[in-house]
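Bear in mind these aren't lab numbers, they're just calculated from the coordinates by the rules spelled out. Small disclaimer: the values here were computed from a predicted structure and weren't measured. Reconstructed Cβ throughout: ideal geometry from the backbone, glycine too, with neighbour counts over all protein chains shown.
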Amino acid sequence: MAKNILLILGHPSENSFCNALLDAYRNGAESAGAHCQTLYVSQLNFDVNLADGYKTGEAMQLEKDLVASQQLIRWADHVVMAYPNWWGFMPAVTKGFIDRIFLPGFAFKHHSGKIFPDKLLTGKSMRLLVTMDTPKWWFYLIYRASQYQILKNIVFGYVGFNPIRFSTFGFIRKSTDKLRKLWLSKVQQLGKQLK
């Protein structure tokens, strides 16, 4: 059975290497028979601020673009998100997108007397494609890939995604055309392997 793959561009610009990475993944995945949909966070109309968090007992009313985004996540077997690492994390619009859609009742469900919630997005896997102007070795050795631990254990793993894999591309500012072509080729191969 063909996999449903949701590609999410978390870079505010569609004219970015992140978008090229998603295109390469899509080309590989579609050649392997997958069904792909692409979601551009920058094109969505929504308030990035989760006002008051959950303390009012009810989440903010979801804009229609966020409702459609949740439907795409439900549809997907595998989610691929590409974003740049800016100041140690993803762009604000992408973080706001996660804050607004990974809500109780959609992504997780708490029960009285239980410490951990039900994970409502189990059965789905994820690949994150992350670009950065930090040398890759520095990101892993000095920063210890801390944002990956947060995303794996506190964000996407918390709601059920498994496995969650990361591909790191850095540093972008000093990359050559030859190196970028090599990166794109590797990502296309990941798409062919549907992982």
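Quick notes on this structure:
- Long hydrophobic helices in the chain: none of the complete DSSP H runs spans 15 Å or more by Cα along its own axis with mean Kyte-Doolittle hydropathy of at least 1.0.
- Considering only the range 4-192, percent of DSSP beta bridges that pair antiparallel, nearest 5: 10 percent
- Among the trypsin sites (Lys or Arg not before Pro) found in the range 1-83, those both in a DSSP coil and sparsely packed, with 15 or fewer other Cβ atoms within 10 Å of their Cβ, are 55.
- Pairwise centroid distance, computed over Cα atoms, of the range 55-107 with the range 167-195, Å: 25 Å
- Value of [θ]222 nm, deg cm²/dmol, for the chain, DSSP H segments ≥ 4, -39500 (n - 2.57) each, nearest 500: -9500 deg cm²/dmol
- Which listed pairs, of 152/186; 64/114; 3/152; 136/195; 119/152, have C-alpha distances above 25 Å, in listed order: 64/114
- Two-decimal Rg to Rh for the range 1-157 - Kirkwood Rh, Cα set: 0.97
- Computing FRET efficiency as 1/(1 + (r/R0)^6) for residue 176 and residue 114, where r is the C-beta to C-beta distance and R0 is 45 Å, gives about 0.30.
- With the simple model of a label 7 Å out from the Cα in the direction of the Cβ, residue 71 to residue 99 spans 2.6 nm.
- Per residue, the average separation of C-alpha pairs within less than 8 Å and at least 6 apart gives the range 4-192 a relative contact order of 28 percent.
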